[in-house]
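Take a look at the structure set out below.
The values are calculated or read from the model by the stated rules, or taken from the named source; none is laboratory data. No experiment lies behind these values; they were computed from the predicted model shown. Here the Cβ is made from the backbone with ideal geometry for all residues, glycine too, and neighbour counts use every protein chain on show. Heads up: the accessible areas ignore ligands, DNA and RNA and are worked out on the full protein's heavy atoms, side chains in. Shrake-Rupley method; radii C 1.70, N 1.55, O 1.52, S 1.80 Å.
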Protein chains: 2
Amino acid sequence: MDFEEHVVKSQPIYDGAIINVEKQTVRLPNGQTAYREIVHHSGAIGVLAITRDNKIILERQWRAPVKATTIEIPAGKVDQRDADFHHAVIRELNEEIRYTPKHVEELCGFYSSVGFSDEYMKLYLATDLEPVKDKLPRDKGEFLEILEKTQAQAVSMIKNGEIQDAKTIMAIQHWQLMQK
Amino acid sequence: MDFEEHVVKSQPIYDGAIINVEKQTVRLPNGQTAYREIVHHSGAIGVLAITRDNKIILERQWRAPVKATTIEIPAGKVDQRDADFHHAVIRELNEEIRYTPKHVEELCGFYSSVGFSDEYMKLYLATDLEPVKDKLPRDKGEFLEILEKTQAQAVSMIKNGEIQDAKTIMAIQHWQLMQK
């Protein structure tokens with residue numbers, strides 16, 4: 001079956017710092033016309049960082065879209081400072097949690113909300129963490145509290161709603177499955 | 001520690017069918033000013049639907065943001081037709097996969113990409129599926145292919161990159177953990 005939608009017209013809506021927004025007019029497989037709203041976003045990484053005493057490192061920070069603090073794994077955009085996704089992992093762990101991992105492994109890649117956005121994230125496992133020697137500056141306006149939790153604690157934080165972030169839930173599930 | 005950002009100014013950027021976009025000027029905890037780009041989205045549901053012979057129901061469909069077909073669990077926006085999230089589950093399963101579940105259970109709730117969007121999704125388990133008697137019309141412009149996969153097949157589809165959708169990976173991992 002051919003599902004392809006052909007773009008008939010593309011209208012730029014917004015050119016921002018983090019996102020670009022585009023409205024497309026597309027021709028559907030049945031010949032009809034429809035509109036698609038698309039939020040373009042550069043790639044990102046998220047890290048399941050496990051300490052030597054088998055705890056996950058989490059961050060509490062303010063998130064403007066939900067007007068509240070959230071608890072999430074370390075994560076960030078892949079930007080012009082990064083040669084590749086792997087480099088972004090090392091940089092973000094330095095900036096945010098002040099550790100350098102001796103072991104880094106890619107777990108999976110995914111679109112965070114493919115219905116309206118092309119944001120693609122790779123999830124990594126980082127272990128054998130050592131304190132960084134040369135601390136990189138944090139992003140301006142980034143305020144973080146670092147938490148370390150056991151697997152049982154992290155799982156119960158999903159159940160009681162303290163953790164409500166997709167990539168973080170996915171990472172904790174992955175951690176549970178590693179020990180099956 | 002007080003992380004709260006105070007909104008100093010809100011500028012509407014785009015008022016669309018699926019998303020609204022807003023640019024905020026915020027005052028940070030240290031008194032400095034920063035900008036936040038926010039994509040507002042109504043709530044959504046995703047469903048881990050398991051057949052009587054223990055297969056997951058998946059959908060292949062075209063996704064404009066990534067210019068390709070993706071493989072995902074049944075999902076959709078909670079809209080004005082829905083009294084609540086649970087109603088959206090029943091409606092979406094009817095429209096998309098033509099099954100009615102006798103058992104529906106909420107698994108977890110999450111923000112799909114909390115860095116720039118308030119999209120909140122609830123993930124449900126649906127079992128004891130029976131063919132629907134009264135088929136609801138599909139959304140205009142929705143073209144779907146339905147797949148049924150064993151757990152081993154679904155897990156290998158994540159590993160080989162055929163499945164790259166966050167909510168779908170989360171649902172499959174949940175399914176694996178149910179059988180620990």
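Of all residues in the range B:161-174, which are outside any helix (DSSP H, G or I) and either open to solvent by less than 70 Å² (accessible area, probe 1.4 Å) or touching a Ser or Thr at 6+ places or on another chain (Cβ under 8 Å) (or both)? Walk me through it before giving the result.
Narrowing the range B:161-174 to residues outside any helix (DSSP H, G or I): B:161-165.
Those that are outside any helix (DSSP H, G or I) and either open to solvent by less than 70 Å² (accessible area, probe 1.4 Å) or touching a Ser or Thr at 6+ places or on another chain (Cβ under 8 Å) (or both): B:G161, B:I163, B:Q164, B:D165.
Considering only residues that are more than 10 Å from chain A (Cβ to nearest Cβ) and assigned to a loop (DSSP other than H, G, I, E, B), which ones fall in the range B:140-160?
Once the filter is applied, which keeps residues that are more than 10 Å from chain A (Cβ to nearest Cβ) and assigned to a loop (DSSP other than H, G, I, E, B), the range B:140-160 yields B:T150, B:N160.
In the range A:8-17, what residues are surrounded by 15 or more Cβ atoms within 10 Å (Cβ to Cβ) and either more than 7 Å from chain B (Cβ to nearest Cβ) or not in a strand (DSSP E or B) (or both)? Give the derivation first.
Initial filter on the range A:8-17 (surrounded by 15 or more Cβ atoms within 10 Å (Cβ to Cβ)): A:13-14, A:16.
Within the range A:8-17, A:G16 is the sole residue that qualifies.
Which of the residues spanning the range A:18-41 are assigned to a loop (DSSP other than H, G, I, E, B), open to solvent by less than 50 Å² (accessible area, probe 1.4 Å) and β-branched (V, I, T)?
Across the range A:18-41, there are no qualifying residues.
Name the pairs whose Cβ atoms lie under 9 Å apart, with the first residue in the range A:1-20 and β-branched (V, I, T), the second not in a strand (DSSP E or B), and 6 or more positions between them or separate chains?
A:V7/B:A64; A:V7/B:K67; A:I13/B:G16; A:I18/A:S42; A:I18/B:G115; A:I18/B:F116; A:I19/A:E119; A:I19/B:F116
With (1) within 13 Å of chain A (Cβ to nearest Cβ); (2) in contact with a strand residue (DSSP E or B) (Cβ under 8 Å, 6 or more places away or on another chain) as the list, and B:A49 as the residue in question, which single condition is left unmet?
Every listed condition holds for B:A49 apart from (1).
I want to confirm something. Restricting to the range A:83-129 and keeping residues that are touching a Pro at 6+ places or on another chain (Cβ under 7 Å) and of a type in the set (V, I, T), which single residue is farthest from A:K23 (Cα to Cα)?
Among those that are touching a Pro at 6+ places or on another chain (Cβ under 7 Å) and of a type in the set (V, I, T), it is A:T127.
Please go through (1) in contact with a helix residue (DSSP H, G or I) (Cβ under 9 Å, 6 or more places away or on another chain); (2) open to solvent by 50 Å² or more (accessible area, probe 1.4 Å); (3) within 14 Å of chain B (Cβ to nearest Cβ); (4) of a type outside the set (D, E) for A:A44 and return the number of the only condition it doesn't satisfy.
With respect to (1) in contact with a helix residue (DSSP H, G or I) (Cβ under 9 Å, 6 or more places away or on another chain); (2) open to solvent by 50 Å² or more (accessible area, probe 1.4 Å); (3) within 14 Å of chain B (Cβ to nearest Cβ); (4) of a type outside the set (D, E), A:A44 is out only on (2).
Considering each residue of the range B:93-137, count those that are of a type outside the set (S, T, Y), in contact with a Gly (Cβ under 8 Å, 6 or more places away or on another chain) and part of a strand (DSSP E or B), and give that number.
Adding up the residues that qualify gives 4.
Test A:D82 against the stated conditions and say whether it is under 24 Å from A:M178 (Cβ atoms) and free of Cβ contacts under 8 Å to residues at least 12 places away in the same chain.
It is false that A:D82 is under 24 Å from A:M178 (Cβ atoms) and free of Cβ contacts under 8 Å to residues at least 12 places away in the same chain.
Which condition number in (1) within 29 Å of B:E162 (Cα to Cα); (2) touching a Pro at 6+ places or on another chain (Cβ under 7 Å); (3) of a type outside the set (S, T, Y); (4) assigned to a strand (DSSP E or B) is the one that A:F3 fails?
With respect to (1) within 29 Å of B:E162 (Cα to Cα); (2) touching a Pro at 6+ places or on another chain (Cβ under 7 Å); (3) of a type outside the set (S, T, Y); (4) assigned to a strand (DSSP E or B), A:F3 is out only on (4).
Quick check on my filter: what residues within the range A:51-89 are open to solvent by 10 Å² or more (accessible area, probe 1.4 Å), in a strand (DSSP E or B) and touching a Leu at 6+ places or on another chain (Cβ under 8 Å)?
A:R60, A:Q61, listed by residue number.
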